[in-house]
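Reviewing the structure listed below.
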Amino acid sequence: MVGMQVAEGKNAKAAKAKKGPVDMVEWVLESGLFDAAFYAAHHGYSFGTEEESARHYAEEGSNFSCKPNLFFDPAYYLQRAGDVSLTAQQALRHFAERGDATGVRPSPVFDNRWYRQAYRLAPGANSLAHYLRHRRGGRHSPLPEFDVAYYLEHNPDVKAAGIDPFEHFLLTGYREGRKPSTDFDLDYHSQLYFGVPPTRAPANPLLEHLSRRLDVPAAAVASPMAAPGPEFLLAGDSNYFALGAPVKYQGARGLIAGTVHGRRGHYVMEENSADRSPAYWDLVAESSRGRDLILSWRGNQHITWFLFEPQPLFDFIEPAVRNGAALRDGAVVVPRRLLKAFFQPSFEPLAVLLGNARQNGAESVTVVGTPPPRSDLALFEKLIRPSPFWRQMAQGCGLDLDTAQLTRPLLLLKLWAVLQEMLAETAVRGGARFVPVPDSLRDPDGFLPGMYGLDTDFTHANEAFGSRMMQLALEPGGEE
Amino acid sequence: MEHPYKSVPAKGFWKRGVSEGFDPCELVEGRLLARGDKVASAGSCFAANIVPYIARAGFEYVRTEALPSLFGEVGADNFSYSKFSAAYGNIYTPRQALQLLQRALGEFAPQEDWWQPTEDVIVDPFRPGLKFPASSIEEFQVLRAQHLGAVLKALRQADVFVFTLGLTEAWRSRADGAVFPACPGTIAGVYDPKLHEFHNFSVAEVTADTAAFIDLARRVNPVLRFILTVSPVPLVATAAGGHVLNATVYSKSVLRVAAEEVVRSLPSVTYFPAYEIVTGPQAPEDSFQADRREPSQSAIDRVMRTFLGACDTDYRLPPADASQPLLGGTAPGPALAAPVPVNPLTAMGAYIASALCEEAAQND
């Protein structure tokens, strides 16, 4: 990857002295925004010198939305910068040169508008660079919710250790019930969000609070200081949003860093969350080197083809589903193999992708099962049937929504079971592990329980479902 | 008194009937199909070739076991199962047809009822080339019951049943005489001389089997009319030991004689001379393709022009050179190759699924 060449800017003088354009490496080193130690530890790299580390960030990491310091999250920033042409690689420089001055927040854990006022910064000064310079001095806080003086005063052990107080709070302090400030009631928020005291909270209540207040997924503010090990790389179609990929993503195709269940990794995002293009899957394969690739592959073929009751009616025997041998009266019984042949084309690109990921040196590849259908389609009746938009759409298809019958849930469940078998077969043939949807995420008949469904969509599962699937995917041998 | 040949019509003499002006329409007496007739068929592949023609001529071809069209090309097979009224595939001998009907009526249950090459592959010995064999014995039994039900349904729905006699040579079970459509071990199964034997049916057997088939079919549908034909397609191979040409002529001769005997003995059974049109001395040189086995497109057109000429229809097959070939080699006819219409149900399902996939990206 070629580093970004910058011909002008505040480092132009230094560049002239070296008789060449200022390169991004120098800019990074001099920006005051790059924390080499954090960068190496956070992304699991090791570098000989600070310059090597900066070079890696400039030429590679920034491309993949890696964080240059704990307080700058390129993905978060890009969503707020209001410039859709901006790439992840340009984000840090944009923040330094324009965004900070106009008050664009660099991440959930640094409130630059508040900081600028609280510490009366000169107009030209960069708030985050200022904080990074002073953060260990015990007088500067990154957020109004965290009061560094208060924290040090009440935690003399932290003061004695000379460590960054905010990092201490983020990582371990909250779990020991240490309060971040007089304004933020840790116990109250922990009970509010998790129903347990902070000592037993699954995540930092302050981060959960920021996630809700700033309207970003918890994954985007999760502790960036997660356990080491190979990073995960999560990619897939629409079902991967439930697994933790940033929803409402409005950016370029690329990698967004995130942490799930204590594991660091990246989500491969398609431009503006749109349909996956071939270039997206190429990026997945290219980025899989040395990472644990976790894939969510399609999973809505049964809805695509068979949401409406097919004419003539057909049915088949599905041994993997309870009552799977019950056949609809009057339906043409088709061999199960016919359905596999029918769905096969939708798995062929997956086989190619698995091969490419292996070839590119993926540490491991895991294919995750997709959610089963729900046992009723009440949401269809609520959302689709009465909707003027869908009525018009249906008319265009030559379909009358008043009379169109929906396929019975049992047949959709049987079709889903065929798809899961094909997903598993494709995964295993491609040298990948398959994580099936466990019984604990299904009702006794095998459907998706209402508690794991979304209110606005009957073809996907919610984050609770995705979180459990992701956990199984991240744990070696994590099938239930 | 004048001798009998004085009153024989022109077509009764070779010179006037063939040498000096051959009119194939004179080969058929009476009407084969009445307007509105529903037609079912079985037999060798030649019985499948008629389907697109009679459909074009406005007759309904009875189909009781088609895969739902929404599966499109995926469902298409290459062993002729989709070419007939029910998915029995090619039926080469009348014994096989008779046994099919006996099985459908619950009067015969072959001992070799399925083959199981691997745990999840269950093969029907009587439909060994099915593209999608059953995955379990339970599924096999359901599919077989559906198939045998479809056979009876086809006979009930049809007004006319066209049966093309194809072969006299067959492989059967030593245990109970069940006739297999293909020698076990060729398309599927395993050949075992202790279980399987070769049999070359005699005129008496073919006649009796054909008559018994018709009798049994009329128990299902008493008013069913029959048209018998003999396939002009020679044997691929003979297991009788001699030259395949001798075996072919023997086989076709037996079938032709048996057909005649049945026509004479049973009411509402007609013989249609497809065999004569393609293989007779009057037939043009181009009646067969280069292998001298596959009838040419022009030969099939001649057969069907004659056939439809004896049917109550306004449709007339265009002249050979102007007509779009209805059949090309072994490719399926136009009725089968027709593009699958866009299904409003699946089109709408796809829209909703893709819109909700986009929406998944908008959910918190």
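Show me the helices of chain B, taken as full DSSP H stretches, that run 27 Å or more along their long axis by Cα and average -0.5 or above in Kyte-Doolittle hydropathy.
B:137-157, B:244-265
Rounding to the nearest 10 and keeping the result within 0 to 90°, find how far the Cα-based axis of helix A:50-59 lies from the longest principal axis of chain A.
That works out to roughly 40 degrees.
So which of B:K153/B:K252; A:K67/A:K159; A:K414/B:K131 end up more than 24 Å apart by C-alpha?
Among B:K153/B:K252; A:K67/A:K159; A:K414/B:K131, the Cα-Cα distance tops 24 Å for B:K153/B:K252; A:K67/A:K159.
How high is the FRET efficiency between B:V203 and A:A326 when r is their beta carbon distance and R₀ equals 51 Å, given to the nearest 0.05?
Between B:V203 and A:A326 the formula returns 0.50.
Report D for the range A:232-474 in µm² per second (integer): Stokes-Einstein, Kirkwood Rh on Cα pairs, 10 °C, 1.306 mPa s.
In µm²/s, the coefficient is 84.
For A:A122 and A:Q471, what is the calculated FRET efficiency with R₀ set at 51 Å and r taken between the beta-carbons, to the nearest 0.05?
So, using R0 = 51 Å, E works out to roughly 0.60.
Could you please state how large a percent of the accessible area of the range A:262-304 is carbon and sulfur, counting protein chains only and using a 1.4 Å probe?
On the range A:262-304, the fraction of accessible area on carbon and sulfur atoms equals 47 percent.
Among B:V160, B:V269, B:V249, whose mean-square fluctuation peaks in a Gaussian network model of chain B (Cα, cutoff 10 Å)?
Checking each option, the largest mean-square fluctuation is seen for B:V249.
What is the spin-label model distance, in nm, from B:V244 to A:D185 if the labels are put 7 Å beyond Cα along the C-beta direction?
Computed distance between label sites B:V244 and A:D185 equals 9.4 nm.
Please give me the summed charge of the neighbours of B:A40: other residues whose Cβ is under 15 Å from its Cβ, Lys and Arg +1, Asp and Glu -1.
That sum, taken over residues with Cβ under 15 Å, equals +3.
Using protein chains only (no ligands, no nucleic acids) and a 1.4 Å probe, work out which residues of the range B:71-91 have their accessible area cut by at least 10 Å² relative to the chain alone.
Buried on complex formation: B:F71, B:V74.
As a test question: what accessible area, to the nearest 10 Å², does B:R302 have when a 1.4 Å probe is rolled over all protein chains in place?
For B:R302, solvent-accessible area is about 60 Å².
Sort B:S231, B:S265 by heavy-atom solvent-accessible area, probe 1.4 angstrom, most to least.
B:S265, B:S231
Please list, ordered by chain and number, the residues whose modelled amide H lies under 5 Å from the amide H of B:F288; skip anything fewer than 5 residues away on the same chain.
B:S296
Give a residue-ordered list of calculated ³J(HN,Hα) values for the range A:407-415 (Karplus: 6.51 cos²θ - 1.76 cosθ + 1.60, θ = phi - 60°; whole Hz; x for Gly, Pro).
3J(HN,Hα) across the range A:407-415, in whole Hz: 4, 5, x, 4, 5, 4, 5, 4, 5.
Could you derive backbone 3J(HN,Hα) for the range A:80-91 from the dihedral phi with the Karplus parameters 6.51, -1.76 and 1.60 (θ = phi - 60°), listing whole Hz in sequence and x where the residue is Gly or Pro?
10, 6, x, 10, 5, 7, 6, 9, 4, 5, 8, 4
Across the residues of A:384-390, average count of Cβ atoms on other protein chains within 10 Å?
What the average comes to for A:384-390 is 1.
At a 1.4 Å probe radius, carbon and sulfur cover how many percent of the accessible area of the range A:10-134?
With neighbouring chains kept in place, the figure for the range A:10-134 is 50 percent.
Grab the beta carbon distance between A:D157 and A:D376, set R0 = 45 Å, and tell me the FRET efficiency rounded to 0.05.
0.20
Could you order peptides A:298-310, B:273-285, B:250-262, B:89-101 by the average number of other Cβ atoms within 10 Å of their residues, highest first?
B:89-101, A:298-310, B:250-262, B:273-285
Determine the calculated [θ] at 222 nm for the protein assembly as shown from helices alone, applying -39500 (n - 2.57) to every DSSP H run no shorter than 4 residues and normalising by the residue count; nearest 500 deg cm²/dmol.
-11000 deg cm²/dmol
How many Cβ atoms of partner chains, on average, are near each residue of B:308-316 if near means within 10 Å of its Cβ?
Per-residue shielding by partner chains comes out at 0.
How far apart, in nm, are the 7 Å Cα→Cβ label points at A:D439 and A:E176?
4.4
I'd like the carbon and sulfur percentage of the solvent accessible area for chain B, probe radius 1.4 Å, heavy atoms only, ligands and nucleic acids excluded.
The nonpolar share, carbon plus sulfur, comes to 55 percent.
Report the relative contact order of the range B:68-217, percent, no decimals, based on alpha-carbon pairs under 8 angstrom and at least 6 residues apart.
28
With all protein chains present and a 1.4 Å probe, how do B:E205, B:E107 order by accessible area, largest first?
Output order, biggest surface exposure first: B:E107, B:E205.
Extending each Cα 7 Å along its Cβ direction at B:E107 and B:R316, get the distance between those two points in nm, one decimal.
Inter-label distance under the simple model: 4.5 nm.
Give a residue-ordered list of calculated ³J(HN,Hα) values for the range A:129-138 (Karplus: 6.51 cos²θ - 1.76 cosθ + 1.60, θ = phi - 60°; whole Hz; x for Gly, Pro).
For the range A:129-138, the Karplus-derived couplings read 4, 4, 5, 4, 5, 10, 5, 8, x, x Hz, x marking Gly and Pro.
Which log10 I(q)/I(0) values does chain A give at q = 0.10, 0.13, 0.14 Å⁻¹ under the Debye formula, counting every alpha carbon as one identical point scatterer?
-0.84, -1.23, -1.36
Under a 1.4 Å probe, what is the accessible area of the protein assembly as shown per residue, stated in Å²?
43
Over the range A:148-221, calculate the relative contact order: mean separation of alpha carbon pairs under 8 Å at least 6 apart, over the residue count, as a percent.
Relative contact order, the range A:148-221: 21 percent.
Going from most exposed to least, what order do A:T456, B:T306 have by accessible area with a 1.4 Å probe?
A:T456, B:T306
Taking springs between alpha-carbon atoms closer than 10 angstrom, which of B:F22, B:F226, B:F126 fluctuates most in the Gaussian network model of chain B?
B:F22
Only Cα pairs under 8 Å and at least 6 apart count here; give the relative contact order of chain B as a rounded whole percent.
19
Using only atoms on other chains, find how many Cβ atoms lie within 10 Å of each Cβ of peptide B:127-140 and report the average.
3
Going by amide H atoms built from the backbone, whose H comes under 5 Å of the H on A:S107, apart from near neighbours?
It is A:D73, by chain and number.
Can you give me the Cα centroid spacing of the range A:298-351 and the range B:21-43 in angstrom?
That distance is 42 Å.
Connecting C-alpha atoms closer than 10 Å in a GNM of chain B, tell me which of B:S85, B:S135, B:S19 has the biggest fluctuation.
Between B:S85, B:S135, B:S19, it is B:S19 that shows the largest mean-square fluctuation.
Give the A-B buried accessible area in Å², both sides summed, 1.4 Å probe, nearest 100.
Chains A and B together bury roughly 3900 Å² of accessible area.
The values are calculated or read from the model by the stated rules, or taken from the named source; none is laboratory data. Computed from a prediction, not measured in an experiment: that's the story for all the values here. As a convention, Cβ positions derive from the backbone with ideal geometry for all residues, glycine included, and neighbour counts pool all protein chains shown. SASA here: full protein model, heavy atoms, side chains in, ligands and nucleic acids out. Shrake-Rupley method; radii C 1.70, N 1.55, O 1.52, S 1.80 Å.
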